[in-house]
Every structure is written in C-alpha cells, then in structure tokens.
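First comes the structure, then the notes that go with it.
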Amino acid sequence: RRCLLAIRDRAGIHEILYRQDGDTIHLAGGIEPLLVVSRSRAGIDPLSVLAHIHGRAPATGHTFYQGIGAVAPGHVLTVTRDRIESDRYWRPEALPVLRLADDDAYGRAFNDLFLPIAAEYAPAGEAGVTLSGGLDSTTVAAAIRESSPKTDLTAFSWTAPELPEADESEAIAAVCRRLRCRLVSIAADRHW
C-alpha cells in the first residue's frame with residue numbers, strides 16, 4: 001500500500017512521537033531524538049503550555065513543541081506520500097453502572113473483576129510492588145497476595161522519617177506484616 005503505519009498501544013504506555021522534516025518522517029519513543037534530527041529548531045507550542053498551566057494535558061496529538069506530534073493512545077498514524085493522519089482504532093467500552101444491594105455486593109463484584117487482572121500480572125515466582133500507606137497501592141498488593149499466594153512479594157516504599165506529617169512508614173509496615181511481604185524502604189528525604 002506504500003504507507004507507514006505506527007500503532008500506539010491502547011493504554012498509552014509506550015509513546016510514539018513523530019516529526020516531519022521535508023520529505024522525511026522521524027518516529028521516536030521519546031521527545032529528545034526528535035529535537036535534534038531536524039534542520040530547523042522546534043519552537044514551543046504556546047497552546048500546549050497554556051493547557052499545562054491550567055492543569056490539562058496538551059490537545060490530543062500535540063506535544064509542547066510545534067511540529068512534533070504524538071500518536072494518541074488507541075490510535076494509528078498513517079503516513080503516505082500525500083498525507084499524515086491519525087485515526088482511533090480503539091476506545092474503552094463504557095459498562096453500565098452497577099446497582100447492587102449493599103457494600104458487600106460491591107466488594108464481591110470488585111474482587112470478581114480485579115483479582116483475575118492481578119493474577120494475570122503477578123508472576124509465579126517473585127513480584128515487586130510500590131507501596132504507600134494509601135488505599136490504591138495497598139489494594140494492588142493485597143490483590144497480588146490473594147490471587148497468587150505463593151508469590152514472593154516485595155514492597156518498595158518511599159518513607160520520610162524526617163517529615164512526620166508525610167511519613168507513612170507505620171501504615172506501610174502494618175500492610176507488609178498483614179500481607180507477609182518483604183519491605184524495602186527508600187528514604188525519600190535523602191533523595192530530594
């Protein structure tokens with residue numbers, strides 16, 4: 001078909017950035033290579049900077065640099081002699097809102113949905129998880145333990161003993177005891 005296709009993963013984990021330089025298209029997994037390959041210097045995109053100042057991301061397909069585009073998650077970039085265009089090939093499916101009887105029913109529904117995902121990502125031998133004192137990381141660690149009980153689980157946690165108001169080490173230690181996982185503490189205040 002005499003065209004180039006660049007397909008970005010649905011979750012947007014791996015970047016695909018591109019820049020046209022005359023009749024050449026440069027593709028990269030990060031912005032830095034595209035800043036040095038062109039004959040002309042990439043200027044700052046004021047609309048993307050303005051969006052950032054207001055707490056938003058650049059518009060879909062844009063970056064902070066003029067002339068450097070980004071393939072959005074779930075999109076495919078098609079490059080031919082005549083055109084460069086991006087089309088969406090995937091979008092998340094909106095599921096109906098759950099209307100369950102009580103909190104226990106919601107807990108069971110969450111387990112039914114979340115535990116298979118945790119089991120899919122937890123290796124059989126060893127796994128590491130970043131753990132704070134918060135609910136999100138604790139839930140992930142607990143799901144790994146529940147779905148893969150024989151996995152040797154290690155929790156990597158930032159601690160801040162010199163900032164008592166920000167230190168979550170007691171909560172982290174309690175989670176590690178309960179989940180039988182090894183704790184590796186990283187003193188955040190030493191790495192500022």
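The values are calculated or read from the model by the stated rules, or taken from the named source; none is laboratory data. Remember, predicted model here, so these are calculated numbers, not experimental data. With ideal geometry, Cβ positions are generated from the backbone for all residues, glycine too; neighbour counts draw on all protein chains shown. SASA here: full protein model, heavy atoms, side chains in, ligands and nucleic acids out. Shrake-Rupley method; radii C 1.70, N 1.55, O 1.52, S 1.80 Å.
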How about segment 140-157: which of its residues are among the hydroxyl-bearing types (Ser, Thr, Tyr) and under 8 Å from ALA122 (Cβ atoms)?
-> SER147, SER148, THR151
Restricting segment 164-185 to residues that are β-branched (Val, Ile, Thr) and outside any strand (DSSP E or B), the one nearest to GLU146 (Cα to Cα) turns out to be VAL175
In segment 158-184, residue nearest to PRO123 (Cα to Cα) [restricted to those that are small (Gly, Ala, Ser) and crowded, with 16+ Cβ neighbours inside 10 Å] = ALA173
Can you give me the number of residues within segment 90-107 that are more than 29 Å from VAL76 (Cβ to Cβ) and surrounded by 11 or more Cβ atoms within 10 Å (Cβ to Cβ)?
-> 4
Test ASP82 against the stated conditions and say whether it is farther than 30 Å from ALA28 by Cβ, open to solvent by 90 Å² or more (accessible area, probe 1.4 Å), acidic (Asp, Glu) and more than 23 Å from the chain's Cα centre (by Cα).
-> no
Would you confirm whether any residue within segment 111-123 is of a type in the set (Gly, Ala, Ser) and surrounded by 16 or more Cβ atoms within 10 Å (Cβ to Cβ)?
-> yes
Output the residues belonging to segment 60-75 that are open to solvent by 30 Å² or more (accessible area, probe 1.4 Å) and within 21 Å of the chain's Cα centre (by Cα).
-> THR60, HIS62, PHE64, PRO73
Taking segment 25-59 and keeping residues open to solvent by 30 Å² or more (accessible area, probe 1.4 Å) and in contact with a His (Cβ under 8 Å, 6 or more places away or on another chain) leaves GLY29, PRO33, VAL37, LEU47, PRO58
